[in-house]
Amino acid sequence: MSPETLKYLLIGVVSFGFLLEKILSYLNIQRPVPKVPETLGQYLSSEKLLEAKAYQRENYNFGLVTGIFSFALTILFIYMGWFGWIDDWIGNYISNPLFHSVAFFALIFIGSDLISLPFDYYSTFVIEEKYGFNKTSLGTFFSDKLKGYILSLIVGGSLLLVFLWLIHQMGPHFWWIFWAVAAVFMVLVNLFYTAWILPLFNKLTPLEDGELKQKIIHYAQSVSFPLENILVMDGSKRSAKANAFFSGFGKRKKVVLYDTLLEQHPPDELVAVLAHEVGHYKKKHIILGMLASVLQVGILLFLLSQFIFSENMSLALGGSGWSAQLNIIGFTMLFSPISMIIGIGMNWLSRKNEFEADAFAKETFEGKPLAEALKTLSVKTLSNINPHPWYVFVNYSHPPLLQRLEKLEN
Ligand SMILES: [Zn+2]
């Protein structure tokens, strides 16, 4: 394919992805505000539903503005050949091909992060603030940014260095060697996330002794699931929204409960939430999810290896000759429909797993307190109880609330 054809193909693919995403969001926001369903009668009022709609509409408008902005910028960069221009400009100062590649990605990363900074700020301090979710101080916001930079520099930087070194040194074999490196890295991150990464941003404390801990231990024994590590995280430092999750496996497995979750739910509901998380573990979702992610990375690396040594993509992006970094950027955009299809498959699997974990909690504990916990969570976060099915199909990693309640309550 000639560079010219490739260039227009890229513009076509990026435009298609953008339009598809915006059409789905539009269909979703056009859904009417429903009547309060019977099962949510005690939790929800029509005023609350209108407030939720206003919140969703505000996020929709915000997504439209940021989406159009980044779409226009991407098209402009492709059409004008600015990626190539930046790459050549760096080449004037750095002759080592490896450092040239690293400098290119660093510049693109910092540039795009600075551009998105005002948008992040607006989302946190204007939209989330208006609906009472934001608990982040300016200090936390900027220290998060700084820590994020340092972490990306150390972790992302070293991974990138290995990746680019393999491309420059190993030629077509780079993909499976880096695949192995990435797989090991993903397992390590999963194992040590709560020990090394999370404490950089949050304070984790073991759950205090008391009624809740007793109930949790009692439940854990009843399903023969040894659970020593239950940690409480100060999620309230950033947001009023609550959550719980599992991390690690084997001896390193830990459950993390947000302090906001503890404040909002009685012990029975919390045990039910935990039973759901244990369900994910027992049904092997954690390990299978991990394998699926590793497989996904492998597929994308293999595809990349088939194209990365061709010169035409670099020329299409405005470069003056073959450039690993331009090709990576180009093929990431070109493969975005494939990434999207994989993403839809992963979401489908995840929604199926959520039902299974709910069923596990219902079998081994009780369905009712889990249903109640989900109702409180969903109403508090102003979540959409009437999403468009196509939007759900593409974007939802969890089934919509009413579908989960139906299975839990029948
Ligand atoms: Zn789940």
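Observations on the structure shown:
- Residue among N312, N347 that is of a type in the set (S, T, N, Q) and under 27 Å from S239 (Cα atoms): N347
- Among the candidates Q306, Q296, residue that is modelled with pLDDT under 95 and either open to solvent by less than 40 Å² (accessible area, probe 1.4 Å) or over 21 Å from the mean Cα position of the chain (by Cα) (or both): Q306
- Positions within the stretch 311-340 being of a type in the set (G, A, S), assigned to a helix (DSSP H, G or I) and more than 20 Å from P172 (Cα to Cα), in sequence order: A316, S336, S339
- Filter result for L204 (away from the ligand (no atom under 16 Å from the Cβ), open to solvent by 30 Å² or more (accessible area, probe 1.4 Å), hydrophobic (A, V, I, L, M, F, W, C) and touching a Leu at 6+ places or on another chain (Cβ under 6 Å)): yes
- Top-ranked residue in the stretch 344-371 [being away from the ligand (no atom under 16 Å from the Cβ) and in contact (Cβ under 8 Å) with a residue 40 or more places away in the chain; ranked as most open to solvent (accessible area, probe 1.4 Å)]: K368
- The one condition from (1) more than 16 Å from the ligand (Cβ to nearest atom); (2) touching a residue at least 60 places away in the same chain (Cβ under 8 Å) that E311 does not meet is (2).
- Residues located in the stretch 241-266, provided they are touching a strand residue (DSSP E or B) at 6+ places or on another chain (Cβ under 9 Å), within 18 Å of L374 (Cβ to Cβ) and open to solvent by less than 30 Å² (accessible area, probe 1.4 Å): A242, A244, F246, V255, L257, T260, L261
- Among the conditions (1) within 16 Å of the ligand (Cβ to nearest atom); (2) crowded, with 16+ Cβ neighbours inside 10 Å; (3) at positive phi, the only one that L382 does not satisfy is (1).
- Among the criteria (1) in contact (Cβ under 8 Å) with a residue 40 or more places away in the chain; (2) farther than 23 Å from V297 by Cβ; (3) surrounded by 14 or more Cβ atoms within 10 Å (Cβ to Cβ), the one L231 does not fulfil is (1).
- Failed condition for T136, given (1) assigned to a helix (DSSP H, G or I); (2) surrounded by 15 or more Cβ atoms within 10 Å (Cβ to Cβ): (1)
- Every residue from the stretch 87-131 that is among the β-branched types (V, I, T), open to solvent by less than 30 Å² (accessible area, probe 1.4 Å) and more than 22 Å from F62 (Cα to Cα): I90
- The set of residues in the stretch 268-310 that are in a helix (DSSP H, G or I) and basic (K, R) contains only K282.
- Residue match in the stretch 267-289 (condition: away from the ligand (no atom under 16 Å from the Cβ) and open to solvent by less than 50 Å² (accessible area, probe 1.4 Å)): yes
- Residues located in the stretch 385-410, provided they are modelled with pLDDT under 95, open to solvent by less than 30 Å² (accessible area, probe 1.4 Å) and away from the ligand (no atom under 15 Å from the Cβ): I385
- Residues satisfying the stated conditions in the stretch 382-395, i.e. under 18 Å from the mean Cα position of the chain (by Cα) and part of a loop (DSSP other than H, G, I, E, B): S383
The values are calculated or read from the model by the stated rules, or taken from the named source; none is laboratory data. This structure is a prediction, so every number in the text was calculated from the model and none was measured. Cβ atoms come from the backbone with ideal geometry, glycine included; neighbour counts cover every protein chain shown. Heavy atoms of the whole protein, side chains included, go into the accessibility calculation; ligands, DNA and RNA do not. Shrake-Rupley method; radii C 1.70, N 1.55, O 1.52, S 1.80 Å.
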